[in-house]
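The values are calculated or read from the model by the stated rules, or taken from the named source; none is laboratory data. Everything numeric here is computed off the predicted structure, so don't read it as measured data. Cβ placement follows ideal geometry from the backbone for every residue including glycine, while neighbour counts extend to all protein chains displayed.
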Amino acid sequence: MDVLSLTPDELHERLGAFFRSRGAPAYRSAQAARWILERRARSFDEMTDLPLEDRRALETAFDLREPEVARVAVSEDGTVKHLWRLADGELVESVLIPSAARLTLCISSQAGCAMGCTFCATGWGGFDRQLTPGEIVSQLRGSARWAHAQGLSRISNVVFMGMGEPLANRSALHPALTLLNQGYGLGARRITVSTVGVVPGILELARRPEQFRLALSLHAPLSELRRELIPLEKRYPLPEIMDALEAFDAAGGKRITFEYTMIRGVNDAPELAPELAALALRVRAFVNLIPYNPIPYRDWKPSLERRIRHFAEILEGRGVAVAVRETRGRDIHAACGQLRAHTLAHTEGNPT
C-alpha cells in the first residue's frame, strides 16, 4: 500500500490498524504519521523513534517511495524545473517559481496529456498514464526538500498547471488536494487547479467545501476558434463551460482565473478582447495573458509585446482585472511539458 497516496484520515486509520495488529502502543501510529506528513521521511529507516522491528514490519506492509530526480534545470531568473522519473520510468515535471512574495510550485497530474491542445508541449509528447495521489504530492515533497537545501523559502502556493489535465484524473486529484491542504498544511486558497474545461470536474470541485481556486485554460473567447486550439471544446463547448463556471463562482470565495496564451496571428486580434472581457465579467474572472512558448515542430510565435499590451488595455478599459504573465525559465524550457518534450525529441533522435 502506497502510504503517500493516503489522505491524513486514511493514513491514521491504516497505521492504527497495523500497530494494533502487532500489539504495539496506540501512539506508534501518530509517530509514523508525523514522520510521513510533517518530517516527510523518504524511508521507514528514518523513523528512528520507532523500534527497529516495527520499521521492518512497516517496510513489508507499506510502500514509501518518491520519484527519483532525473534532471534539475535552474534558470538565470531563478526558476527551477525538476524532471522526475517515476517507478515505472515515466517522466513528469514540476517547476518552482520564486518571486519577492512567494514560492510557487507548478505540479503535474498525468504523465503526458490526452487533451491534444495544439499549442501545448505536453500534448505533443502524448499521454502515458494517470498519476497516483502519492506521485502528485511527491512533487511537493521533493521540491520542498530541494528548496530548503538551497536556502529558499517554504513553498507557499501550488498550481496544477504542469503536465496533464487534472480534472481528467479526479480519482487522484481529490485525495491529492486533501493531502496538500490537510496533510502538508497548504491553505486551500493557495492551491489552484487548472483545466481546459472538463465540465463534470468543475462541478465536482465547486461542491467541495474548501475554497480551492480554479484556472480555465481559455485561449480563445469564441467557441469556433477555441475548437481549433483545444479539441475538448467539441465535447464541452464554451457556453456549457461558462455555465459550470457560474456554478463554481456561486459556491462562494472560489476565485476563477482565465489563462490566455497569446499566439501571433492566431488569437491576438484586438477585436477578440471585448469578447474575452464579456466572459471574464460574467464570472468575475481574473485574466492572465501569457506569451506563447515555442514547442517542437510548431512554427507559431508569441504575440508582439505591443499587441499584448494593447489587448490588456482593452480588457482593463472594460473593467477586467488583467496581468501579463512574465516569461520565466525560457532558457531551461520551463513552460509546461517543454523539458519532457525536448527530452523525448532528443531520445527519439530528433534534436530540437
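Given region 1-114, what strands (runs of 3 or more DSSP E) lie entirely inside it while holding 2 or more residues that are acidic (Asp, Glu) and assigned by TED's automatic domain parsing to the domain that holds residue 150? I'd like the intermediate steps shown before the answer.
Values: elements: 68-74, 80-85, 91-98, 103-106, 110-112.
Per the criteria, no element qualifies.
Only one residue in 214, 203, 218 is over 17 Å from the mean Cα position of the chain (by Cα) and on the phi < 0 side of the Ramachandran plot. Which one?
Numbers: 214 fails: over 17 Å from the mean Cα position of the chain (by Cα); 218 fails: over 17 Å from the mean Cα position of the chain (by Cα).
Just a single option satisfies the conditions, and that option is 203.
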(request) Output yes when any residue across region 214-224 is under 19 Å from residue 131 (Cα atoms), touching a residue at least 40 places away in the same chain (Cβ under 8 Å), touching a strand residue (DSSP E or B) at 6+ places or on another chain (Cβ under 7 Å) and surrounded by 23 or more Cβ atoms within 10 Å (Cβ to Cβ), and no when none is. (result) no
(request) Given the conditions (1) out of contact with any strand residue (DSSP E or B) (no Cβ under 9 Å at 6 or more places or on another chain); (2) part of a strand (DSSP E or B); (3) not hydrophobic (A, V, I, L, M, F, W, C), report the number of the one that residue 270 does not fulfil. (result) (2)
(message) On the basis of being touching a strand residue (DSSP E or B) at 6+ places or on another chain (Cβ under 8 Å) and either modelled with pLDDT of 95 or more or not small (Gly, Ala, Ser) (or both), does residue 198 make the cut?
(response) no
(message) Only one of 17, 41 is under 25 Å from residue 154 (Cβ atoms) and either in contact (Cβ under 8 Å) with a residue 24 or more places away in the chain or out of contact with any Cys (no Cβ under 9 Å at 6 or more places or on another chain) (or both). Can you tell me which?
(response) 41
(request) Please state which one of 5, 29 is at pLDDT 95 or above and touching a Phe, Trp or Tyr at 6+ places or on another chain (Cβ under 7 Å). (result) 29
(request) Would you point out which residue out of 288, 267 is within 16 Å of residue 119 (Cα to Cα) and among the polar types (S, T, N, Q)? (result) 267
(message) Given the criterion at negative phi, aliphatic (A, V, I, L, M), in the same structural domain as residue 79 (by TED's automatic domain parsing) and modelled with pLDDT under 95, identify the matching residue among 229, 140, 186.
(response) 229
(request) Being crowded, with 20+ Cβ neighbours inside 10 Å and modelled with pLDDT of 95 or more narrows it down to one of 278, 285, so name that one. (result) 285
